[in-house]
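What follows is calculated from the coordinates using simple rules that are stated; it is not laboratory data. It should be emphasised that the depicted structure is a prediction, and the values quoted were computed from it without experimental measurement. Here the Cβ is made from the backbone with ideal geometry for all residues, glycine too, and neighbour counts use every protein chain on show.
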Amino acid sequence: MGLVGNNLYQPELGAPSRLETVHCENYLWDLWHDRLDDKAMRRIGLPWSVPLMARTFTAPLGTLKTAELALNHGIACHLAGGTHHAHYDFGSGFCMVNDLAFTAHELINAGKVHNVLIFDLDVHQGDGTAAMCQHNPYIFTCSIHCEKNFPFRKVSSDLDIGLPNHIQDAEYLAIVHETLEGLLQDVNPDIVLYDAGVDVWEHDGLGKLDITWQGIEKRDALVLKTCQQYGVPVATVIGGGYDSDHLRLAKRHAIVVSQAARL
């Protein structure tokens, strides 16, 4: 499998109405029309713009498209997504709408899968995803994150593993592997939605872990290979990553894609 050519797909352009299945209608349309108050926008942390709205409402459809491709091909990677701090009726932490919760609900409601595992390895806990999926027995949420980091008020996932500051590669990879294998056996999901956040990197601006670049490569290869070994389709999203060097950040986000291309 190559990284370019016939393996590239585009989702349809998004609009608020498409996300009303999981988000508050009033919140979506106020966001779309720039009617949120200053406090709500400060909580999100991004300045409103028309291009940002186009990206915000299209990205979840990209995650859904990626999941549908994974069901057909085993593995598929999205070049956006992982906005796991967005809640039902408010945005937070650079996240406005929740693509993971949206995709999981859409797949189940359409009868394409019976159950979904959301495996979140962003350095920050997936509070919005946990809140939006907590009443759906067919969605299992797991977050492995830095405990003493944003959000400071966590929402309980089905499984949360809070890591200490400055954990290093070997211990981290062992936890990821053991947790994923256990969940694949116990949950027996029809698909894994994998948030491959790269803010676990030791030099990330908003992370507090000491995971090397090579550690991220090993982590992503481990997740993808383990899902493949268990015969479970996996759809990846990029999750968080913060760096003043934008090219370096893009290369970090590309790690999961390059690892997928090796399989």
| Helix runs (DSSP H) in the chain reaching 27 Å along axis by Cα, Kyte-Doolittle at least -1.0 | 50-73
| field | the chain - mean residue ellipticity at 222 nm from DSSP helices (-39,500 (n - 2.57) per run, n ≥ 4, rounded to 500) | value | -12500 deg cm²/dmol
| message | I need to check one value: relative contact order of the chain, counting alpha carbon pairs closer than 8 Å and at least 6 residues apart, in percent. | response | 20 percent
| task | Calculate how many DSSP beta bridges within the chain are antiparallel, expressed in % of all such bridges and rounded to the nearest 5. | result | 5 percent
| remark: Note on segment 1-75: alpha-carbon gyration tensor, axes a ≥ b ≥ c; rule is a/c under 1.5 for rounded, else prolate if a/b larger than b/c, else oblate; result prolate
| remark: GNM on the chain, Cα springs under 10 Å; top mean-square fluctuation among A15, A70, A54 goes to A54
| field | Peptides 122-130, 45-53, 234-242 ordered by average Cβ neighbours within 10 Å, highest first | value | 122-130, 234-242, 45-53
| Here are some values of Kirkwood radius over Cα pairs in Å: [x] 19.2; [y] 18.2; [z] 21.9. Which one was computed from this structure? | [y]
| query | What residue among D120, D37, D199 shows peak mean-square fluctuation when the chain is described by a Gaussian network model with Cα springs under 10 Å? | reply | D37
| note | R43 neighbourhood, Cβ < 13 Å, K/R = +1, D/E = -1, net charge -1
| task | Post the alpha-carbon centroid distance, segment 194-262 to segment 66-83, in whole angstrom. | result | 14 Å
